[in-house]
Amino acid sequence: MPSRSTQEWMRMSMRTPGILIFGMVLAPCGWVLDLTATVAPNWRTLHGLPNTPPDEFIQQGIWDICRTTTTSTRPLCSLQDTTYFGNQIIDVAQGLMVASLIVTLIGLAVAIPGVRCWRDQPNWLVAGLGGLLIFLSGVMTIIPIAWYTHVLDSVASVSPLTDVRVGYCIVLGYIGGIFEVLGGFVMFIGICRCCGGKNRGERPVEEVTGRQKRPEPRRVDVPRLDRARSGAGGSGRSSVPYSKYSADDGDDVSFPRAKSPAARSVNTSYTSRPYDVDL
């Protein structure tokens, strides 16, 4: 039974958690890079070929071999080299790269129903399984890329190996495989509800609503003012606040009232002798 503090964590509205967004962005990017590395014939380049112009070189991939120059935009491909394609690394790279592309698509198809944002809460189990497949596809990409790089100068070919350089497919394959490994791993750790749900992008109620829990206001008992009410009906006591009655009712209040000014008397009779100004 989870503790109360764990239960207080919740998803922020209906947005997809950040770890799932991270995985769903890196996985397609890695797949595109792996696809380019698979079909492009540039795993390595052979320069300094004898009896050829200095700007001419050969591009060797896992499916095709092309001859081109630094100034040409239309290489001559489909060159035959049974020695090169007879190496074990070529067969392994062909199988693993194609399998990696297929597994990545399967992983995305499994993960999409689990991370869809129109639900109140994602299906972490389904999304985690999709992330696991994406992680495995990245591993299947890195294995042949790393192996080919390790034996780059020792892969046999009918062309002389005078100046062997790494092709751009190796770089793209490394980047794509790392993208898939990172994206799949981040999605897979969403299965584990650790750190109170923080790894799932869940936040406390206080952070979601933007306000903190305030303690309930303490109730203070205010004493009622009981005072005598004088009137024609006798001297009775009432618990009604004195502000309800007018001050002209003759109520006995606890503070002195201001005395009303005395009326000024006007004397209209003159006892003194009138002056000329009065005339």
Review point. How many nm is it between the label spots at T52 and V98, if each spot is 7 Å from the Cα in line with the beta carbon?
Key: 2.7
Check your understanding: Which FRET efficiency value, to the nearest 0.05, do you get for D81 and R116 by plugging their Cβ-Cβ distance into 1/(1 + (r/R0)^6) with R0 = 30 Å?
Key -> 0.05
Practice item. Please report I170, I112 as a ranked list, fewest other C-beta atoms within 10 angstrom at the top and most at the bottom. Key: I112, I170
Point to revise | Ratio Rg/Rh, restricted to the stretch 46-179 and using Cα atoms, in which Rh is the Kirkwood radius | key: 1.14
Practice item. Counting other beta carbons within 10 Å of each Cβ, put E56, E180 in order, fewest first. Key: E56, E180
Check your understanding: Going 7 Å from the Cα of V151 toward and past its Cβ, which residues in the stretch 82-99 have a backbone nitrogen under 17 Å from where you end up?
Key -> 82-97
Revision key, fill the gap. Pseudo-spin-label distance R218 to L35, built 7 Å along Cα→Cβ, given in nm, is 6.8
Review point. If you rank L133, L161, L125 by fewest surrounding Cβ atoms within 10 Å, what's the result?
Key: L125, L161, L133
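Every number in this text was worked out from the coordinates using simple rules, so none of it is lab data. Remember, predicted model here, so these are calculated numbers, not experimental data. Don't worry about glycine lacking a Cβ; one is built from the backbone with ideal geometry, like all the others, and counts go over all protein chains shown.
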